[in-house]
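First the structure, in the form of structure tokens, and then the observations on it.
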Amino acid sequence: ESNSSSQQGTPAEMSSVLHFYVRPSGHEGAAYGHTRRKLQGKLPELQGVKTELCYNVNWTAKSLPNAEEMKKLTWLFGCPLLQDDVAEESWLLPGSSDLLLEVGPRQVSQLNFSTPASTNIVSVCLAVGLGAVDRVETTRRYLLSFAHPTSAEMEAIALATLHDRMTEQHFPRPIQSFSIGCIPGPLDSPINILAEGRPALEKANQELGLALDSWDLDFYTKRFHELQRNPSTVEAFDLAQSNSEHSRHWFFKGQLHVDGQELAQSLFESIMSTQASSNPNNILKFCDNSSAIQGKEVRFLQPKDPTQPSCFQQQQGLRHVVFTAETHNFPTGVAPFSGAATGTGGRIRDIQCTGRGAHVVAGTAGYCFGNLHIPGYSLPWEDPSFQYPGNFARPLQVAIEASNGASDYGNKFGEPVLAGFARSLGLLLPDGQRREWIKPIMFSGGIGSMEAEHVSKEPPEPGKN
């Protein structure tokens, strides 16, 4: 046993991946029961399911953890109500006919980026003095018991049921290294537009996945010729994101031509013009992350000193009502749980970033999806021959997982979902046209409140962070 592990090894190959296996503590029973029912619906031969979590810890010290460090690691990964639920060897011992599967966060090329969960776990490790930990990725392991040996087809069915193929992947063997095994290219490498013209940008667009359309390619080629310099790959990435439809609303704010005639107003201007004849009670409109309407004088609790832990005291003041809403449709169609969760998260962020800070109160959620095809509950208008895109989740999965994701994210911020709607539609019209929400709609709305003195943001000043 080593006495110290304070010396750090800088090269990636000097680090080692430690595995900590955690057996279920019992509170996951409902979730695993749901998983087992899904598996048995696809694999009737299944006799039993056992599970465990594996924390894959990247340990960067030259020596392995000493006794004190191991004690901290096992304490962090275990359940505080149980003893000896964390081990360095797997709790799952497969038999000759069993299937052992491990799934975890999907990586584009090897394990080349940390997940948000890893960032949080590493922060906790650093806080308790485990400075040699720089990454922790969590994987789920399943032991499926069968009476007879399984086929490759059965393994594929099990994997499809156990993980989200858009955000997770199968690990055929335990993670042994987080080294990406390649040398990153320079971030400031130029895209040689001046010498090669538009083809240089087209090549970068293809290789870097910038999703620039023909208009973008023409515009940026012309612009950098005017500037008489080449863009770097970092600039290209920045332009692809910050100048996109999502951020700049080219269509929403652009000039509209209908039947060859330019309209007097853009879509955005048309919506803003309604304010000329509406109730003049807007405090914030079209200028911040959320809107706000006139509130009232109310009594509320406020920390005596918000800069540190302190007692609450009763205050009275003017508080305005904040409301915002957004949709997160395509992400929810691709990965329902995480797509809806981040839809709720983005909307919560919008409320909190209104003015100089607002408070979350409650949320709403709404979903539109295609025919559900609930097993054992056939409906006469649901046509089993309808095809769906292979990169989208089926409507029933959207209905269940999107609702779970939206509620899960809100619960973590203390925001309950108080109301909402769900609509299912899929029809074949008499003329042969199909009408269906193939790409689902995920609507997230929320209300909040803010103090009147926090309505206006302070102007930026040099040196202010």
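Couple of notes before you dig in:
- Only one of the numbered conditions (1) open to solvent by less than 60 Å² (accessible area, probe 1.4 Å); (2) within 30 Å of GLU45 (Cβ to Cβ) is violated by SER96, and that is (1).
- If you check LEU81, LEU64 for being open to solvent by 70 Å² or more (accessible area, probe 1.4 Å), more than 18 Å from THR139 (Cβ to Cβ) and touching a helix residue (DSSP H, G or I) at 6+ places or on another chain (Cβ under 9 Å), only one passes: LEU64.
- Yes/no for SER290 being closer than 23 Å to ARG347 by Cα, surrounded by 13 or more Cβ atoms within 10 Å (Cβ to Cβ), of a type in the set (Gly, Ala, Ser) and at pLDDT below 90: no
- Scope segment 29-58; condition open to solvent by less than 40 Å² (accessible area, probe 1.4 Å) and at pLDDT below 85; matching residues: GLY33, THR35
- In segment 349-378, the residues that are at negative phi form Cβ pairs under 6 Å with partners that are in a strand (DSSP E or B) and of a type in the set (Lys, Arg), at six or more places apart or across chains, as follows: CYS368/ARG423.
- Residues that are under 28 Å from GLN397 (Cα atoms), open to solvent by 30 Å² or more (accessible area, probe 1.4 Å) and assigned to a strand (DSSP E or B) do not occur anywhere in segment 106-129.
- Residues considered: GLY339, GLY346, GLY432, GLY420. Of these, the only one that is under 23 Å from THR161 (Cα atoms) and out of contact with any Lys or Arg (no Cβ under 8 Å at 6 or more places or on another chain) is GLY339.
- Restricting attention to segment 282-323, the residues that are farther than 30 Å from PHE251 by Cβ and either polar (S, T, N, Q) or touching a His at 6+ places or on another chain (Cβ under 6 Å) (or both) add up to 10.
- All positions within segment 72-126 that are small (Gly, Ala, Ser) and over 13 Å from ARG23 (Cβ atoms): GLY95, SER96, SER97, GLY104, SER109, SER114, ALA117, SER118, SER123
- Each residue in segment 171-188 was checked for being at pLDDT 80 or above and surrounded by fewer than 16 Cβ atoms within 10 Å (Cβ to Cβ), and 5 pass.
- The single residue among GLY295, GLY317 that is more than 19 Å from ILE351 (Cα to Cα), in contact with a helix residue (DSSP H, G or I) (Cβ under 9 Å, 6 or more places away or on another chain) and either surrounded by fewer than 10 Cβ atoms within 10 Å (Cβ to Cβ) or touching a residue at least 24 places away in the same chain (Cβ under 8 Å) (or both) turns out to be GLY317.
- Residue pairs whose Cβ atoms lie under 7 Å apart, sitting 6 or more positions apart in sequence or on different chains, and linking a residue in segment 113-136 that is over 23 Å from THR167 (Cβ atoms) to a partner that is open to solvent by less than 70 Å² (accessible area, probe 1.4 Å) and charged (D, E, K, R), are VAL128/LYS72; LEU130/GLU69; LEU130/LYS72.
- Of all the numbered requirements in (1) open to solvent by 70 Å² or more (accessible area, probe 1.4 Å); (2) at pLDDT below 90; (3) outside any helix (DSSP H, G or I), ARG229 misses one, and that requirement is (2).
- Considering residues of segment 251-272 that are closer than 20 Å to ASP216 by Cβ and either in a helix (DSSP H, G or I) or open to solvent by 80 Å² or more (accessible area, probe 1.4 Å) (or both) only, the residue modelled with the lowest pLDDT: PHE251
- Residue in segment 321-337 that is open to solvent by 70 Å² or more (accessible area, probe 1.4 Å) and in contact with a helix residue (DSSP H, G or I) (Cβ under 6 Å, 6 or more places away or on another chain) present: yes
Yes/no per residue for (1) under 29 Å from GLY343 (Cβ atoms); (2) surrounded by 15 or more Cβ atoms within 10 Å (Cβ to Cβ); (3) touching a residue at least 24 places away in the same chain (Cβ under 8 Å); (4) in contact with a Ser or Thr (Cβ under 8 Å, 6 or more places away or on another chain):
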{"site": "PHE421", "(1), (2), (3), (4)": "yes, no, yes, no"}
{"site": "SER424", "(1), (2), (3), (4)": "yes, yes, yes, no"}
{"site": "LYS439", "(1), (2), (3), (4)": "yes, yes, yes, no"}
{"site": "SER444", "(1), (2), (3), (4)": "yes, yes, yes, yes"}
{"site": "MET450", "(1), (2), (3), (4)": "yes, yes, yes, yes"}
{"site": "HIS454", "(1), (2), (3), (4)": "yes, yes, yes, no"}
{"site": "GLY463", "(1), (2), (3), (4)": "no, no, no, no"}
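- ARG135 within 24 Å of the chain's Cα centre (by Cα), within 30 Å of GLU45 (Cβ to Cβ) and either of a type in the set (D, E, K, R) or surrounded by fewer than 16 Cβ atoms within 10 Å (Cβ to Cβ) (or both): no
- Across segment 394-411, not a single residue is classified as in a loop (DSSP other than H, G, I, E, B) and more than 13 Å from PHE369 (Cα to Cα).
- Hits in segment 193-222 - residues which are polar (S, T, N, Q) and over 16 Å from THR233 (Cα atoms): SER214
The values are calculated or read from the model by the stated rules, or taken from the named source; none is laboratory data. Not measured: the values here are computed from a predicted model. Ideal geometry is used to build each Cβ from the backbone, glycine not excepted, and the neighbour counts take in all protein chains shown. Side chains are part of the model used for accessible areas, which takes the heavy atoms of the whole protein and leaves out ligands, DNA and RNA. Shrake-Rupley method; radii C 1.70, N 1.55, O 1.52, S 1.80 Å.
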